[in-house]
Amino acid sequence: MRGIITVIGKDRVGIIAAVSNILMEANINILDITQTTLQDIFTMIMLVDLSNPNLTFDQLSKKLDDKGEEMGLSIRIQREDIFNAMHKI
Amino acid sequence: MINTYEILETIKMISSESLDIRTITMGISLRDCAHSDMDELAKRVYDKITRKAEKLVKTGEDIEREYGIPITNKRISVTPVSIIGEAANGDYIKIAMAMDRATETTGVDFIGGYSALVHKGYTDGDRRFVDSIPEALSETKRVCASVNIATTKAGINMDAIAQMGQVIKKSAELSAKEDGIACAKLVVFCNAPEDNPFMAGSFHGIGEPECVINVGVSGPGVMHNALKKISPNADFTEVAETIKKTAFKITRVGQLVATEASRRLGVTFGIVDLSLAPTPAIGDSIANIIEDMGLEKCGAPGTTAALALLNDAVKKGGTMASSQVGGLSGAFIPVSEDAGMVEAVKAGALSLEKLEAMTCVCSVGLDMIAVPGDTPDYTISAIIADEAAIGMINNKTTAVRIIPVPGKKVGDFVEFGGLLGSSPIMAVNVFSSKAFIARGGRIPAPIHSLRN
């Protein structure tokens with residue numbers, strides 16, 4: 001199972017570090033990463049491998065959510081399937 | 001590997017364009033619950049529903065979190081209660097009570113199937129059952145009822161239509177303190193589908209399997225925003241293509257959720273219903289989509305054509321996106337549940353007669369219409385007859401969900417709350433249909449029902 005993490009908000013120091021740290025602690029590998037900054041709005045998207053995490057999906061989601069709140073960003077994780085379903089035939 | 005645009009498009013649809021899965025509805029057969037003793041029957045009904053749907057709400061919530069898509073309602077539909085209760089001596093209301101208790105235990109939002117199929121005539125049990133509807137609806141919270149009074153194959157049961165006018169009036173009176181809300185849980189159908197996941201008309205048809213998962217999508221807000229992005233001068237080919245592509249995307253999410261829910265629950269996947277279901281949220285409106293096509297207000301001349309295009313394009317895009325399509329599958333035009341419709345009524349742009357014309361080209365019918373409390377029962381019956389005729393002749397589902405709000409008159413406003421929304425009281429033609437409804441009998445099936 002793979003997940004997509006999206007981070008949207010104002011650019012600042014340490015966003016990638018903060019998210020990767022949570023993923024490392026949860027034993028989640030980052031498969032791909034892309035980021036853009038448009039008019040000061042930072043968007044980062046990560047494709048992650050959820051096959052062997054040491055947290056449940058809910059716990060991970062909550063951790064990312066809490067981190068997002070702390071940093072004034074929106075950080076969400078969703079299973080990759082929803083994007084594939086919508087955009088690929 | 002990562003397409004930023006596509007990912008952000010999906011996230012935007014969910015976070016700011018009100019994309020949601022309207023409902024995961026579990027259909028449960030109650031045919032094995034029949035018993036000659038009504039108390040025992042009611043107990044069996046409660047036990048079976050709570051057993052089958054034990055994990056429905058939790059599974060829905062898990063899917064919501066993992067996929068990041070809201071699932072607004074989790075619901076249950078059951079075999080028409082008139083059928084399973086027919087052999088029992090006693091009051092059908094006991095079954096309604098058992099169903100209501102089962103919703104509390106399972107945590108679902110609504111349960112449908114307090115229903116009867118009387119399109120060709122009543123059995124003795126049907127008669128007792130239909131009589132019980134007003135009390136059942138006013139004494140329960142989450143039980144929804146429906147009665148099928150016509151089909152293209154059988155014609156229109158005018159005796160049933162006459163009675164349903166009275167049943168609606170009585171339901172309104174018994175729930176007068178809550179502005180007749182019992183009527184919001186009662187649908188009168190022509191050509192009722194057996195696998196519809198949407199309330200209040202959902203029931204688990206007699207041709208359905210033991211247990212099934214049906215999913216209804218939403219998405220008027222997404223459609224509205226997609227149309228905002230194309231040029232205001234774009235021709236209708238481009239409008240239709242935009243709707244088709246957007247409907248495809250919306251429905252694919254429905255298909256994903258439906259297959260995932262049925263896999264996790266170990267229950268057969270039934271259908272995805274392609275209906276665009278509005279909510280009272282601003283921008284999540286079918287009326288707004290119609291207005292996007294160049295009409296000043298929904299109800300203006302051109303509205304029926306705009307709705308026909310919308311309905312057809314949604315089906316074309318949605319059919320491609322789902323392996324099994326069913327239910328009602330069309331655009332809904334409930335007045336109180338759609339802020340754009342409410343605005344159009346307030347502005348004087350949208351009348352009952354225009355809505356009736358619109359129901360010729362979309363699903364489902366005159367839906368969530370609040371009318372004056374003193375509207376006579378035979379007038380309500382005659383409105384139902386008109387809708388049934390549209391459904392019967394055009395070989396489609398039509399329905400009426402009308403609320404004669406006690407004590408209110410044209411121009412007043414009524415608040416139903418939640419997804420049911422609010423509405424101005426609409427004007428009804430005041431000329432009498434009394435003698436017409438008093439005739440009774442059956443309007444024969446049309447010639448094109450003879451297809452063999």
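Under 26 Å of direct C-alpha separation, and excluding same-chain neighbours fewer than eight residues apart, A:Lys10 reaches these lysines: A:Lys62, A:Lys63, A:Lys67, B:Lys12, B:Lys229.
Candidates B:Gly90, B:Ile271, B:Asn452 compared by Cα position along the dipole of chain B: farthest toward the positive end lies B:Asn452, with charges placed on Cβ.
Which entries in the list B:Lys297/B:Lys408; A:Lys88/B:Lys141; B:Lys94/B:Lys169; B:Lys177/B:Lys434; B:Lys58/B:Lys169; B:Lys141/B:Lys228 go over 30 Å, if you measure between the two C-alpha atoms of each? Checking Cα-Cα distances, A:Lys88/B:Lys141; B:Lys58/B:Lys169; B:Lys141/B:Lys228 exceed 30 Å.
Provide the net charge surrounding A:Leu73, with neighbours chosen by a C-beta distance below 12 Å and charges set as Lys +1, Arg +1, Asp -1, Glu -1. Surrounding charge for A:Leu73 is -1. Put in order of Cβ neighbour count within 10 Å, fewest first, the listed residues B:Leu450, A:Leu64 become B:Leu450, A:Leu64. Taking the DSSP bridge list for chain B and keeping only pairs wholly inside it, about 35 percent are antiparallel. Peptide A:73-85 shows a mean partner chain C-beta count of 6 within 10 Å per residue C-beta.
Read the figures in this text as sums done on the coordinates, not as results from a lab. This structure is a prediction, so every number in the text was calculated from the model and none was measured. Please note: Cβ atoms are built from the backbone with ideal geometry, for glycine as well, and neighbour counts cover all protein chains shown.
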